[in-house]
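Worksheet: one structure, shown below.
Laboratory data are not the source of any read-out in this text; all were calculated from the coordinates shown. Keep in mind the model is a prediction, meaning the values are calculated, not measured. For neighbour counting, all protein chains shown are included, and Cβ atoms are generated from backbone atoms with ideal geometry for every residue, glycine included.
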């Protein structure tokens, strides 16, 4: 039923709604299709790491050479989000998302068939281009289809796609690579991407996501929207802190705490549980408002990083902190997406493209910028840097609120 026409899903929602929660206020079933799209995009962005040794052996290159495909993916995503996502506002999120998922399927099929590392890198670059269009289109669609008063719950459901990609996608890909072949991983994700493309075409109507009548706005023009610059600054600080810490957590568990390599998988699973479980509390954001919640959400993430610095000295303590980390990061990302997507509905795709571009730039800045801190001063010092970044994010969120209030 999830892939049927939206009218049919609306009837199902109406039938299943209770008097306390009328159908018009429920999270629409189409949101779960968007969740699936996020899960597919996220799976591709995460699967190469666990299977990199096998890929390297198969292609006759080093693991570091294989991981250059991940760098190509990030570059393609950032460039596409900056330059192509603005057309979501003119062409429409439904058509752009369906096309992007089809392009992703083709790129993943090329990855599966890659005879050498050069083809794999180029295929992942194409996958990044597709993802840089798909992510803004998903976020724009989630904000557009959300019932009034259920924006946070709807976006929260869509964001759980990242949990699915981390918990299920990474785990199953490793098993599939062991049992079959690493190429089977990309074949499977390619099939899921094509399935997602078809699902979008049949579940998301053009009228669900309005198309702007004017020409596609430029990213620089979108920067003039009140509140965009401080929210993007908050995004940069938030994401740099996350990727800087997450990128070195595995090495800290292994080298610093003496845990087995498999401990990193356990930590990822615990993080995913916290991130996904937080979706049950998204109604709090709807009641209080994203603008009011944002500084407190970012301060809560800062407190988590402070806990890493002060108490992350045992594996058990780290797992508890990681669980709370997933929960607080969910709220931080949720309110960030809500506020960015609500600034200007007519240019929502362009704004969300800027968000994705900044996010993937922060991936590079976070992992490279935290390296000398972690290597020279340790994990606790890196956590303190993350605390500082989250304070910057909280201040930027407050600044954005003042800018939005001034516009009104």
Most fluctuating residue given options 374, 32, 360, as computed from a GNM of the chain linking Cα atoms under 10 Å: 374
Order of 342, 62 under a 10 Å beta carbon neighbour criterion, fewest first: 62, 342
Listed residues 144, 177, 193, most fluctuating in the chain (Gaussian network, C-alpha, under 10 Å): 177
Pair-distance profile P(r), taking every C-alpha pair of the chain, with 10 angstrom steps and integer %: 5, 23, 34, 27, 11, 1, 0
Column: log10 I(q)/I(0), Debye, Cα scatterers of region 221-407, q = 0.08, 0.16, 0.19 Å⁻¹: -0.26, -0.95, -1.26
Rg/Rg_globular for region 299-347, with Rg_globular taken as 2.2 N^0.38 Å and Rg from C-alpha atoms: 1.53
Ranked list, fewest to most other Cβ atoms within 10 Å of each Cβ, for 37, 235: 235, 37
Bins of 5 Å, starting at 0 and running to the largest distance - Cα pair percent for region 309-407: 2, 10, 14, 21, 20, 14, 9, 6, 3, 1
Helix-only [θ]222 nm of the chain, DSSP H runs n ≥ 4, -39500 (n - 2.57) each, per residue, nearest 500: -27000 deg cm²/dmol
Potential lengthening between residue 90 and residue 317 on full extension [0.36 nm per residue; Cα-Cα distance subtracted]: 76.8 nm
Pairwise Cα inverse-distance average, inverted: Kirkwood Rh of region 253-331 (Å): 13.3 Å
Which of 26, 348, 384, 150 has the fewest Cβ neighbours within 10 Å, and the rest in rising order: 384, 26, 150, 348
Percentage, to the nearest whole number, of Cα pairs in region 278-324 over 13 Å apart: 62 percent
Gain on full stretching of the segment that runs from residue 365 to residue 175 - 0.36 nm per residue minus C-alpha separation: 65.3 nm
